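Colleague: Here it is, the structure, as structure tokens.
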Amino acid sequence: DRGIVVAIDGPSGSGKSTVSRRLARELGLAYLDTGAMYRAATWWSGRSGVDLDDVEAVAEAVRAMPLTMVTDPDEPRVVCDGVDITDAIREAELTAVVSKVATNLEVRAELKRLQREIIEHSAGRAPGTAREPGELRGIVAEGRDITTVVAPDADVRILLVADERERLARRAKERHGTADADTIEATRDEVVRRDADDSTVSTFLTAADGVVTVDSSSFGVEETFAAVLAVVTEAQ
Ligand code: C5P
């Protein structure tokens, strides 16, 4: 008696976090933001005084990282070494360097292991054990390599994409309240450069075999959510 695993990948600004979290809420599933784990690894490396270009030292630090991911979609939180870093890991300075840590292959191996553990814990169940009332069964996990590397055997695998222009505009609006030439330029590093760096280690710009692509370029939040929900419902 296993819970459902929904894997959602996509580039920055594709809307995957909003959609994934809402999907988890509406279906009563756990929610795992794997990007937050790479952000936490970056935060922890900094706090440990490690040079982010020192591949070995970063890997060693991350293997000792005391990380807790709270996967409740109503209030997902990231706690590291007893500190709630949910908000701190969204800061611009950290976002600018997260790809350095995320392209460290030893870090990826360690976080993949942790992610699989969390997914297995949420979806799996020892034979004969009953589901507790209100217990979330199954999980929505989102990131860059969930459909391909972390959970290639997920029940539902979706790649959420959108045109670069649209993704830039959305992120500019989110960060600066408005999307004009200046704010879009200020957002370019966070979206375009970061995706280029990240795509050297993960394939999230094109769908792998068996992965359903949802293009949200001409969709608002509601339409995007409906399209993703339809894919999940159809797979049931
Ligand atoms: O999605 P978010 O912007 O929070 O992701 C932060 C960073 O984490 C990405 O820029 C990428 O470097 C890394 N990441 C990754 N693999 C994932 C999820 C995120 O490498 N599955």
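Colleague: Scan GLU93, GLU106, GLU75, GLU120 and give me the residue that is charged (D, E, K, R) and touching a residue at least 24 places away in the same chain (Cβ under 8 Å).
Modeller: Numbers: GLU93 fails: touching a residue at least 24 places away in the same chain (Cβ under 8 Å); GLU75 fails: touching a residue at least 24 places away in the same chain (Cβ under 8 Å); GLU120 fails: touching a residue at least 24 places away in the same chain (Cβ under 8 Å).
None of the others qualify; the one that does is GLU106.
Colleague: Can I ask one more? Within region 193-200, identify whether any single residue is outside any loop (DSSP other than H, G, I, E, B), among the hydroxyl-bearing types (Ser, Thr, Tyr) and within 16 Å of the ligand (Cβ to nearest atom), and answer yes or no. Walk me through how you get there before you give the answer.
Modeller: Filtering region 193-200 down to residues outside any loop (DSSP other than H, G, I, E, B) leaves 193-198.
Add one more test, that the residue is among the hydroxyl-bearing types (Ser, Thr, Tyr), and what stays is none.
No: region 193-200 contains no residue that is outside any loop (DSSP other than H, G, I, E, B), among the hydroxyl-bearing types (Ser, Thr, Tyr) and within 16 Å of the ligand (Cβ to nearest atom).
Colleague: List the number of the failed condition for GLY10; all other conditions in (1) away from the ligand (no atom under 13 Å from the Cβ); (2) farther than 14 Å from SER122 by Cα hold.
Modeller: Failing condition for GLY10: (1).
Colleague: Given the residues SER17, SER12, which is the only one that is closer than 21 Å to ALA208 by Cβ, out of contact with any Gly (no Cβ under 8 Å at 6 or more places or on another chain) and in contact (Cβ under 8 Å) with a residue 60 or more places away in the chain? Lay out the reasoning, then the answer.
Modeller: Working: SER17 fails: out of contact with any Gly (no Cβ under 8 Å at 6 or more places or on another chain).
It is SER12.
Colleague: When you go through THR42, THR68 one by one, which is the residue that is surrounded by fewer than 16 Cβ atoms within 10 Å (Cβ to Cβ), more than 23 Å from GLU222 (Cβ to Cβ) and among the hydroxyl-bearing types (Ser, Thr, Tyr)? Step through it out loud before you land on a result.
Modeller: On the way: THR42 fails: surrounded by fewer than 16 Cβ atoms within 10 Å (Cβ to Cβ).
The match here is THR68.
Conditions tested, residue by residue: (1) part of a strand (DSSP E or B); (2) within 20 Å of LEU229 (Cβ to Cβ); (3) at pLDDT 95 or above.
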position	(1), (2), (3)
ARG2	no, no, no
SER14	no, yes, no
LEU52	no, no, yes
LEU94	no, no, yes
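Colleague: Looking at ALA24 and the list (1) of a type outside the set (D, E, K, R); (2) surrounded by 23 or more Cβ atoms within 10 Å (Cβ to Cβ); (3) in contact with a helix residue (DSSP H, G or I) (Cβ under 8 Å, 6 or more places away or on another chain), which single condition is not satisfied?
Modeller: (3)
Colleague: Also, quick follow-up: For the structure I just gave you, tell me whether ARG108 is near the ligand (Cβ under 9 Å from one of its atoms) and of a type outside the set (Gly, Ala, Ser). Break it down into steps so the answer makes sense when it comes.
Modeller: Working: near the ligand (Cβ under 9 Å from one of its atoms): yes; of a type outside the set (Gly, Ala, Ser): yes.
So ARG108 passes the test.
Colleague: Moving on to the next point. Determine whether region 144-160 contains at least one residue that is within 14 Å of the ligand (Cβ to nearest atom), touching a residue at least 40 places away in the same chain (Cβ under 8 Å) and of a type in the set (Ser, Thr, Tyr).
Modeller: Yes, region 144-160 contains a residue that is within 14 Å of the ligand (Cβ to nearest atom), touching a residue at least 40 places away in the same chain (Cβ under 8 Å) and of a type in the set (Ser, Thr, Tyr).
Colleague: If you don't mind, there's one more thing I want to ask. When the residues of region 20-49 are filtered to those that are of a type in the set (D, E, K, R) and near the ligand (Cβ under 10 Å from one of its atoms), which remaining residue is nearest to the chain's Cα centre (by Cα)? First the steps, then the outcome.
Modeller: Restricting attention to region 20-49, the residues satisfying the condition of being of a type in the set (D, E, K, R) are 21-22, 25-26, 33, 39, 47.
Next cut, near the ligand (Cβ under 10 Å from one of its atoms) only: 33, 39.
On the way: ASP33: 4, ARG39: 10 Å.
Restricting to residues being of a type in the set (D, E, K, R) and near the ligand (Cβ under 10 Å from one of its atoms), the top hit is ASP33.
The values are calculated or read from the model by the stated rules, or taken from the named source; none is laboratory data. Computed from a prediction, not measured in an experiment: that's the story for all the values here. Here the Cβ is made from the backbone with ideal geometry for all residues, glycine too, and neighbour counts use every protein chain on show.
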